[in-house]
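Okay, so here's the structure we're looking at.
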Amino acid sequence: MKYEKYLIDELGEKHPRKNQYIIDLIRAEEEAKVKVSSKDHPYNKAIEKYKKDKKELLKKAQESYKGNSSNIPSDRKLKDLYKRKFIAEAMIDFYDKNKDLSYDSELDYKLYSLELEEIPKIIDNYRDLSQSYDKAQKRLDALTNDEIGASKKKIDEDKLRLKEAYDRDLASLKESYKENIISKKAYKSEKDQLKQRFKEQNKAIEYQNPATSIKEELENLKYRMDKDLKRDLKILEGDRAELRRRTPVEVTKTSAFRSILSAPLPGLGQILNGQLIKGALFLVASLFIYLIAMPYALGFGNYQGQGLAGLINLAQGGKRLDRSILFMIEGILALVFVVLAVFILIMSFKDVRKVEKREMAGIRPNNFFETKKYITSEGFPYLITAPALLIIVFIVIVPILTAVLISFTNMDPQNQNKFNWIGLSNYLTIARGKGIAGQAFWHIFGWTIVWTLGASTLAILLGFVFALMVNNERVRGKKFFRTVYLLPWAIPAFITIMFFSIMTSRGGIITETLNSLFGIGLDIKNNTMQTRLALILLQGWLGHSYIFLLTTGVLQAIPKDLYEAASIDGATGIQRTFKITIPLVLFQIAPMLINQYTFNFNNFSIIYLYNQGGPFNPQVYGNLAGSSDILISYIYKLTMENQYQAIGAAITVFISIILIVISYFGYKNSSAFKEY
């Protein structure tokens, strides 16, 4: 990297170089002359003399401050400010004389000039408040019992008169309400206002006691002393940071070597850049890398596994009690630790390199105040989401990775303790519809699609139609109907499902009633089509309450002016429904409607509780599923009841991909997401 002729500050403004040595290097390179040695260059000698003189003068100033005890205030909060003011006064002439030597000396002059201007104001403000506090404390101490007693007597008299006035006003207000002069709502409002005014006036009377008023004054002064000092110091630090942003830095290096040298040890580069607090935080991350992540990945500290190696061999050739699933889970944890370690290394490297390159361009590295300000503003979203992200990694990502990886193994009833990697065999079994676990897949998948579309669409239609009916101005008994339509949502779903399961079984009240009324022979729970139809109707009833509630909320928010304007233009009721109501409702609740479809695609409870996935048809579905099973209940039977975890995991991955694709395109094409 070559030297640039101009420097830039953090605001992007250009500044000419002051370092005469670098200027001569640039000129020598342009004119192809021999470069001057850095040690012999007069500018570098002048800089060294400046640094040496500065160090000596600072040392003398600090010793002088310590030796003059009269300059040290008794208030500990002001000690640092007095010291900074004293040193600034001692050094300002030196900085003024050398301010044109370099941008560092110029910044020193600006910072000390700022402190000489602002610190006396901060001290004077704090001192004035402190003196006011002392005076108020003396007034409190000087109060006699006679003065306090006299004030209390007057307070009691004033409170008594105020209470009498309050009772009269309250009685008058009650009389006006009884005579129907004012409404119940106005009476309640006036009564509350009267009560509030009575409390405020009572409190004001309390301040006639000089002890109470002085104590309140003392609390206020104490609060201001603390808050004003913190505010003024924060403003001062902000002004110092602004001067740093506007004053460039000039360095002689032309390569970001610190980032390369410190790459293996996060935190070292930040410390070399002068960012000590940030460096300490990254050093803590380094401890995680070298004391936790790396040892765990190599197998140290594992319960049974061997870290990343165990993820590959899955306990093959290991001890008899070793279990492949533990090797896999611990291998996944090791992989997550390694990814986090690599992420920390990359972030540290990028941070150090960015700071170095900005410094070579002229931008000063942020100090702790500036870094903290950045974190609490631009970096705040990352700060509050980082803990949640870590939790998600371990309670969501790790289980998902485990399920995905199991789908590439032969974990089945014969291979529970130890299993191997078998690649895509499970997915090929599903795709071909072969094998004891795969022969029923496509039949169940087809029924799952029909079930999802039928049950979700029916629930949406019922909820929307009922909401339209109840929100119609001509319908009476709205509260009754709203209560009835919300009952399926209020009652636990499993109770409703079990209740209908009993009533639709052989001899059940619903089955017998339908058979006697229509002269038919229904056998709902033992007939595939009848069971499927009953499930769709039952879920339509259970699911419509949620849609009804959503739609009702949207309908009540639609301005009536729209309907009135449409009526004036000659629109019929059907036209108003299709041109105004439906578009506005869909705009608001389309994402929730998509959720209904994805929910029913995985609605395990109703399928299993109603008929355990039956009726069973071994010729089509084998012994692992029934004719009303959907994919999620099929997975349950494969994994929990029959120990086919690998094929179940493969179907789970298949389902997840389908739902992700459907949800993505559904949300992407909904009006609500397009608008916002």
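Key figures for this structure:
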| read-out | value |
| --- | --- |
| FRET efficiency, T385 to W421 (Cβ-Cβ, R0 35 Å, nearest 0.05) | 0.50 |
| Two-site FRET efficiency, F578 against L276, from Cβ-Cβ distance with R₀ of 56 Å, rounded to 0.05 | 0.25 |
| Å² of accessible area per residue within the stretch 415-564, as computed with a 1.4 Å probe and no ligands counted | 56 Å² |
| Additional length obtainable on full extension of the chain from K203 to T528, 0.36 nm per residue less Cα span | 109.3 nm |
| Ranked by how many other beta carbons lie within 10 Å on average, peptides 367-377, 258-268 from highest | 258-268, 367-377 |
| Accessible surface of the stretch 213-305, 1.4 Å probe, proportion on carbon and sulfur as whole % | 65 percent |
| Residues whose placed amide H lies under 5 Å from that of R364, excluding near-sequence neighbours | E10, V249 |
| Pairwise FRET efficiency - D124 versus N145, Cβ, R0 = 41 Å, nearest 0.05 | 0.65 |
| Accessible area of the stretch 11-101 belonging to carbon and sulfur atoms, whole % at 1.4 Å probe | 49 percent |
| For the stretch 100-112, Karplus couplings with θ = phi - 60° (6.51, -1.76, 1.60), whole Hz, Gly/Pro x | 8, 5, 8, 6, 5, 5, 5, 5, 4, 5, 5, 5, 6 |
| Amide hydrogen neighbours beyond the local backbone of L7, cut-off 5 Å, H modeled | H15, R17 |
| Euclidean distance of C-alpha centroids, the stretch 95-144 and the stretch 296-353, integer Å | 57 Å |
| Net lengthening on full extension, K174/I510 (0.36 nm per residue, minus Cα-Cα) | 115.0 nm |
| Normalised contact order of the chain, rounded percent, pairs of Cα under 8 Å and 6 or more residues apart | 11 percent |
| At most 15 other Cβ within 10 Å, DSSP loop - chymotrypsin sites (Phe, Trp or Tyr not before Pro), the stretch 272-339 | F300, Y303 |
| Of the trypsin sites (Lys or Arg not before Pro) in the stretch 587-676, those whose Cβ has at most 10 other Cβ within 10 Å and which sit in DSSP loop | none |
| Estimated inter-spin distance, V465 and I182, nm [label 7 Å along Cα→Cβ] | 5.2 nm |
| Highest average packing first - 533-545, 342-354, Cβ atoms within 10 Å | 533-545, 342-354 |
| Label-point separation in nm, S113 to F480, each point 7 Å along Cα→Cβ | 8.5 nm |
| Net length gained if the chain between I400 and Q131 were fully extended (0.36 nm per residue, minus Cα distance) | 90.2 nm |
| ³J(HN,Hα) computed for each position of the stretch 413-425 - Karplus, 6.51 cos²θ - 1.76 cosθ + 1.60, integer Hz, glycine/proline x | x, 8, 9, 8, 6, 10, 9, 10, 7, 10, x, 8, 4 |
| Heavy-atom accessible area per residue - the stretch 113-263, 1.4 Å, Å² | 66 Å² |
| Mean projected area (nm²) of the alpha-carbon convex hull when the stretch 209-324 is viewed from all directions | 16.7 nm² |
| Cβ-based net charge around R323, under 12 Å, with every Lys or Arg adding one and every Asp or Glu removing one | +1 |
| Those lysines that a straight Cα-Cα span of less than 20 Å connects to K222, excepting residues fewer than 8 apart in one chain | K77, K79, K121, K135, K138, K230, K234 |
| Packing-based ranking, highest mean first, of 386-392, 314-320, 41-47, 100-106 given that Cβ atoms within 10 Å are counted | 100-106, 41-47, 314-320, 386-392 |
| Neighbourhood charge, 14 Å Cβ-Cβ cut-off, centred on I214 and excluding it, Lys, Arg +1 and Asp, Glu -1 | -2 |
| Where only C-alpha atoms are counted, convex hull volume of the stretch 518-629 per residue in Å³ | 149 Å³ |
| Degrees, to the nearest 10: 145-178 long Cα axis against longest axis of the chain | 30 degrees |
| Degrees, to the nearest 10: 582-601 long Cα axis against longest axis of the chain | 70 degrees |
| The stretch 450-526 - percent of accessible surface contributed by carbon and sulfur, probe 1.4 Å | 72 percent |
| Identified option (computed semi-axes √(5λ) of the Cα gyration tensor in Å; candidates (i) 68, 51, 26; (ii) 45, 31, 25; (iii) 42, 28, 24) | (i) |
| Spatial extent of the stretch 438-565: Rg and Dmax, with the Cα atoms as the point set, Å | 18.3, 60 |
| Interchain or long-range residues, amide H under 5 Å from I182's placed H | Y177 |
| The chain: angle of helix 528-557 to the longest principal axis, Cα-based, in degrees nearest 10 | 40 degrees |
| Phi-based couplings in Hz for the stretch 311-319 (Karplus 6.51, -1.76, 1.60; Gly and Pro marked x) | 5, 7, 8, 6, 6, 5, x, x, 6 |
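The values are calculated or read from the model by the stated rules, or taken from the named source; none is laboratory data. A quick note: this is a predicted structure, and the numbers were derived from the prediction, not measured. All Cβ positions, glycine included, derive from the backbone under ideal geometry; neighbour counts span all protein chains shown. The accessibility values were calculated without ligands, DNA or RNA, using every heavy atom of the protein model including side chains. Shrake-Rupley method; radii C 1.70, N 1.55, O 1.52, S 1.80 Å.
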